[in-house]
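Written out below as structure tokens is the structure these notes cover.
The values are calculated or read from the model by the stated rules, or taken from the named source; none is laboratory data. What you see is a predicted model, and the numbers here were worked out from it, not measured in a lab. Glycine also receives a Cβ, built like all others from the backbone with ideal geometry; neighbour counts cover every protein chain displayed. Ligands, DNA and RNA are stripped out before the accessible areas are found, and what is left, the full protein with its side chains, is counted by its heavy atoms. Shrake-Rupley method; radii C 1.70, N 1.55, O 1.52, S 1.80 Å.
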Amino acid sequence: MQQDPTLDPRAIARLFPRDFTWGVSTSAFQIEGATREDGRGESIWDRFCRQPGAIADGSDGDVACDHYHRWQEDLNLVASLGVNAYRFSVAWPRVQPLGHGAFNAKGLDFYERLVDGCLRRGIAPHLTLNHWDLPQALQERGGWAERDTVHRFVDYAREVARRLGSRLRSITTHNEPFIQSVLGYETGIFAPGIRDRGAAIRVAHHLLLSHGLALQAMRADGVHSDLGIVLNLSPIEPASDSEADRARARLEDGRLVRWYMDPLLRGSYPQDVVEALGADAPRVEPGDMRTIATPLDFLGVNYYSRNVFRADGAVDPHTLGSEITDMGWEVYPQGLTDLLCRLHRDYALPDVYVTENGAAFPDDCVDSRVVDVARTRYIASHIAAAGRALAAGVPLKGFMVWSLLDNFEWASGYAKRFGIVHVDYATQRRTPKASADWYREFLRAERMSAAA
Ligand code: FCB
């Protein structure tokens with residue numbers, strides 16, 4: 001594998017400066033398990049997993065990677081890679097079981113141990129407040145479609161920041177509001193499994209509003225961690241030059257990219273999308289847009305693939321002639337360069353981090369070895385693509401691989417493996433894959449070239 005010149009760690013390492021952030025990402029529900037331990041409340045994903053047919057393999061998050069008990073071993077794995085950052089999320093129902101009212105000391109203690117464990121190992125902790133696992137009790141009051149949830153989130157954010165803020169490098173309010181809104185409330189393939197476009201648009205608005213209010217509240221409380229939000233973004237390309245294909249691609253770009261970037265960085269929703277939504281357009285109250293545009297310390301971008309649209313819908317990635325991952329997503333590293341350069345052109349960006357990038361491929365664990373050539377190539381080529389964006393002037397400060405471990409991949413269950421560390425779910429044995437070895441070697445080369 002190392003013979004492939006495009007994977008040469010030393011060549012790619014030369015693209016990055018000394019102070020660059022390198023990390024791995026996880027999220028609470030996907031790895032923790034222990035869903036009924038130490039006073040944790042129920043989350044919408046616990047409930048959703050019990051809906052027949054909701055999860056491809058009928059699984060749930062009850063055990064997952066058992067990270068709640070194995071976090072020390074997992075942080076040792078993180079440290080062994082040589083990264084300087086770890087991105088994880090807090091399970092809201094673990095620290096505030098009902099999403100309002102009393103906080104759960106044992107839940108907060110767990111994250112305190114985790115954060116201190118990172119610091120002891122020389123790893124900067126990057127915490128996400130909402131990686132989708134809303135307390136079920138709040139869902140019963142309407143969840144994110146209800147404006148009151150905005151204020152519940154701000155209370156939760158303040159408490160976590162009060163306990164941990166001084167030790168965190170960054171705090172992200174929300175991971176991927178688009179996914180929570182559209183997959184959770186419009187197509188219903190993710191929790192809470194609702195199909196109502198109007199509700200989905202309200203959800204997006206409330207997520208953005210709670211983000212802005214939480215930033216203001218945490219800053220007023222004196223929190224010094226960098227504060228920001230993470231969006232899933234992709235270049236959306238028309239299948240042809242025809243006016244109809246271009247119009248569709250523009251609208252899809254409006255819903256995925258501009259619907260979040262415009263309010264966050266310009267303080268307004270894109271007018272073309274507002275018009276297309278008609279009666280489903282959000283009810284914006286006075287002051288909302290200004291709150292949403294509260295200055296960001298950083299923007300996190302999760303990038304996996306591009307999307308190509310024809311007038312009548314998405315083009316099947318299998319017809320595009322590129323390699324395809326186990327998720328059915330096109331491998332398209334140039335899309336990361338294109339996306340970051342476009343954002344840099346169209347918006348006055350704060351610091352940018354690639355907060356997730358990685359790929360699911362079927363892995364074989366043979367004699368305790370997983371030679372995941374395709375994943376290694378995927379990660380190396382996307383790091384190189386990030387380096388090209390940096391060279392073009394994008395204020396890129398870090399890159400985090402999704403994911404440290406194979407884990408519960410939402411509606412796909414455990415069948416899709418994104419980890420650079422293999423997890424044997426029967427024994428919970430962790431085995432670093434060849435991609436983890438490559439990343440470690442790359443980071444060693446990076447440290448050496450930065451020192452030179
Ligand atoms: C992103 C999610 C992350 C993971 C990857 C594959 O949308 O943020 O939790 O599932 O996709």
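Provide a single number: the residues in the range 64-73 that are surrounded by fewer than 23 Cβ atoms within 10 Å (Cβ to Cβ) and either over 21 Å from the mean Cα position of the chain (by Cα) or not aromatic (Phe, Trp, Tyr) (or both).
Matching residues across the range 64-73 total 5.
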* Look at residue 187 and say whether it is open to solvent by 10 Å² or more (accessible area, probe 1.4 Å) and among the hydroxyl-bearing types (Ser, Thr, Tyr). => yes
* Applying the selection to the range 367-397, what residues are surrounded by fewer than 21 Cβ atoms within 10 Å (Cβ to Cβ) and within 16 Å of the ligand (Cβ to nearest atom)? -> 374
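With respect to residue 256, determine if the residue is part of a helix (DSSP H, G or I), within 16 Å of the ligand (Cβ to nearest atom) and modelled with pLDDT of 95 or more.
The answer is yes for residue 256.
Matching residues to (1) under 25 Å from residue 347 (Cα atoms); (2) among the hydrophobic types (A, V, I, L, M, F, W, C):
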residue	(1), (2)
156	no, no
161	no, yes
174	yes, no
179	yes, yes
187	no, no
207	yes, yes
216	yes, no
228	yes, no
237	yes, no
* Selected residue (criterion: nearest to the ligand (Cβ to nearest atom)) from residues of the range 165-205 that are touching a residue at least 40 places away in the same chain (Cβ under 8 Å), polar (S, T, N, Q) and not in a helix (DSSP H, G or I) -> 175
* Please verify whether the range 258-273 includes one or more residues that are over 18 Å from residue 309 (Cα atoms), without any contact (Cβ under 8 Å) to a residue 12 or more places away in the chain and open to solvent by 40 Å² or more (accessible area, probe 1.4 Å). => yes
* **Residue list for the range 79-96, filter: surrounded by fewer than 22 Cβ atoms within 10 Å (Cβ to Cβ) and out of contact with any Ser or Thr (no Cβ under 7 Å at 6 or more places or on another chain)** => 79, 80, 82
* To do: Please verify whether the range 127-139 includes one or more residues that are under 27 Å from residue 397 (Cβ atoms), of a type in the set (Phe, Trp, Tyr) and in a loop (DSSP other than H, G, I, E, B).
  => yes
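Residue by residue, here is whether (1) in contact with an Asp or Glu (Cβ under 9 Å, 6 or more places away or on another chain); (2) closer than 24 Å to residue 163 by Cα holds:
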site: 43; (1), (2): yes, yes
site: 59; (1), (2): no, no
site: 84; (1), (2): no, yes
site: 102; (1), (2): no, yes
* Asked: What do you reckon, is residue 50 surrounded by fewer than 20 Cβ atoms within 10 Å (Cβ to Cβ), farther than 25 Å from residue 181 by Cα and over 20 Å from the mean Cα position of the chain (by Cα)?
  -> no
* Residues being among the acidic types (Asp, Glu) and within 9 Å of the ligand (Cβ to nearest atom): count how many of those fall in the range 398-424. => 1
* Of the residues 234, 240, 210, which is open to solvent by less than 40 Å² (accessible area, probe 1.4 Å) and more than 28 Å from residue 140 (Cβ to Cβ)? -> 234
* Asked: What is the residue count in the range 53-63 for residues that are buried (at least 20 other Cβ atoms within 10 Å of the Cβ) and in contact with a Phe, Trp or Tyr (Cβ under 6 Å, 6 or more places away or on another chain)?
  -> 2
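Report yes if residue 394 is touching a Phe, Trp or Tyr at 6+ places or on another chain (Cβ under 9 Å) and touching a residue at least 40 places away in the same chain (Cβ under 8 Å), otherwise no.
Criteria not met by residue 394.
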* With respect to residue 156, is the statement that it is open to solvent by less than 10 Å² (accessible area, probe 1.4 Å), touching a residue at least 60 places away in the same chain (Cβ under 8 Å) and hydroxyl-bearing (Ser, Thr, Tyr) true? -> yes
* **Selected residue (criterion: most open to solvent (accessible area, probe 1.4 Å)) from residues of the range 330-366 that are more than 14 Å from the ligand (Cβ to nearest atom) and among the charged types (D, E, K, R)** => 345
* Mind checking whether some residue in the range 380-388 is of a type in the set (Lys, Arg), more than 26 Å from residue 131 (Cα to Cα) and in contact (Cβ under 8 Å) with a residue 12 or more places away in the chain? -> yes
* To do: Kindly check whether there is at least one residue in the range 85-92 that is within 16 Å of the ligand (Cβ to nearest atom), part of a loop (DSSP other than H, G, I, E, B), β-branched (Val, Ile, Thr) and under 30 Å from residue 381 (Cα atoms).
  => no
* Is there any pair with a first residue in the range 301-329 that is open to solvent by 50 Å² or more (accessible area, probe 1.4 Å) and away from the ligand (no atom under 16 Å from the Cβ) and a second that is at pLDDT 95 or above and in a loop (DSSP other than H, G, I, E, B) whose Cβ atoms are under 6 Å apart and which are 6 or more apart or on different chains, and what are they? -> 310/239; 323/331
